[in-house]
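Beneath this line is the structure, given in structure tokens, with notes to follow.
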Amino acid sequence: MKGPSPIFVAGTGRSGTSQLADILGEHPQIHRVPIETRFLVDPGGFRDLADALTIRYDPYAGDDALRRLSDLLTVRLVRGKDHDRGHTVPEAIGERHYWDAVGRLWTELVAGTFDEFVPGAGFGHADRAAGPFEQQSRRRVMARHFSDRGELVAILRRALDTMFGGAAADAGKLTWCEKTPFNLLCMDFLWELVPEATIVHIKRHPVAVVASHVDQPWAPSTVDGVLAWLKPVYDRWLAWKATAGLGARRYVELRAEDLAADWPAQRKALFAGVGVDDFATTSTFRARSLDHRDGQFDSGTRALIERTLGDVIPRMGYT
């Protein structure tokens, strides 16, 4: 029997994406990839590679894209543990599935290699000693150029199916859910990669999002800094949404406040939106987890935030 579609969770960050992904992962049919995997939409990941080997291709761009992807997949994601859950990405997905997918990628993406001559110190100066070191070389990679972008996307999709599909099967689930907040700004690519995917966008009042960002170690610590961080995100999202035709896509948009106000009914609507039956999850959205930031700013600071955001607040569905 055909199962529900894969799910991507998106948001601005600090809008409830983690809680929502955890809830989806409690459903008997949905495996929640435990941490943000980073290699789909982050710099140096699949999205950058897809452009570098197609519309932006030249030999240097291809070499650079493969080096960045290799560094991401074999160094950064292997060494870095998620600060909340304590896993590396291979551990979270499953080492066997992860390395099977990564190992296959290079044979499908590399056209060839060659050794580039690297002159020793002093090379080219006949009247000076060349130095005590031998001449060396470094390995250069020739990436494949894909005139048919669909061929490349199919390769990346197979890697995704090996990783996420394998993890879901190990968990006894029919499909998977991946959460990275800035999936929000990459929906075109995500639907290109997984056309049947459902993207769930969870929103929270922008003033509360600003308040929560101020307290995060990875974000600016001042209101002005957070506004400079967030305003372009909202502007980009709203500009894209205006022409995206989301009504024809598998797209679900939710407000965290609505989920908290009427959880059982909203949960049922959420699961219906992603194509599964309702299920009573242990995790919920609770009003006290959302409204505790209502008094974080004085009236002057709140007015500054609202002026700076301009029409973002009403366009995001808030008053």
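Label points 7 Å out from Cα along the Cβ direction at Lys241 and Trp218: separation in nm? Taking the simple label geometry, Lys241 and Trp218 are separated by 2.2 nm. Were the residues from Arg315 through Ala171 laid out at 0.36 nm apart, the gain over their Cα-Cα distance would be 47.9 nm. Less than 5 angstrom separates the built amide H of Phe297 from none of the residues sequence-distant by 5 or more or on a different chain. Amide H contacts under 5 Å for Glu253: His201, restricted to partners 5 or more places along the chain or on a different chain, H placed in the peptide plane at 1.01 Å from N.
For the listed residue pairs Lys203/Lys241; Lys203/Lys231; Lys179/Lys203; Lys231/Lys268, the alpha carbons are over 21 angstrom apart in Lys231/Lys268.
Calculated accessible area for segment 191-308 comes out at 50 Å² per residue, all protein chains present (probe 1.4 Å; ligands, DNA, RNA ignored). Put simply, the amide H of Val9, placed in the peptide plane, has neighbours under 5 Å in Glu178, Lys179, Thr180, Val200, leaving out anything fewer than 5 places away on its chain.
Peptides 300-313, 4-17, 52-65, 199-212, ordered by how many other C-beta atoms sit within 10 Å of their residues on average, highest first, read 4-17, 199-212, 52-65, 300-313.
Across segment 32-49, rounded Karplus estimates of 3J(HN,Hα) from the backbone phi angles (6.51 cos²θ - 1.76 cosθ + 1.60, θ = phi - 60°) give 8, 4, x, 9, 5, 7, 6, 8, 8, 10, 5, x, x, x, 4, 5, 4, 4 Hz, Gly and Pro being marked x.
Each stretch of four or more DSSP H residues adds -39500 (n - 2.57); spread over every residue of the chain, this sum gives -12500 deg cm²/dmol at 222 nm. Using a simple spin-label model with pseudo-atoms 7 Å out from Cα toward Cβ, Thr107 and Thr284 lie 5.2 nm apart. Of Met142, Met163, Met187, which has the largest mean-square fluctuation in a 10 Å C-alpha GNM of the chain? Maximum among the listed residues: Met142.
The values are calculated or read from the model by the stated rules, or taken from the named source; none is laboratory data. As the structure is a prediction and not an experimental result, all values here were calculated from the model. Virtual Cβ from ideal backbone geometry, glycine too; neighbours counted across all protein chains shown. Areas reflect the complete protein model, heavy atoms only, side chains present, ligands, DNA and RNA absent. Shrake-Rupley method; radii C 1.70, N 1.55, O 1.52, S 1.80 Å.
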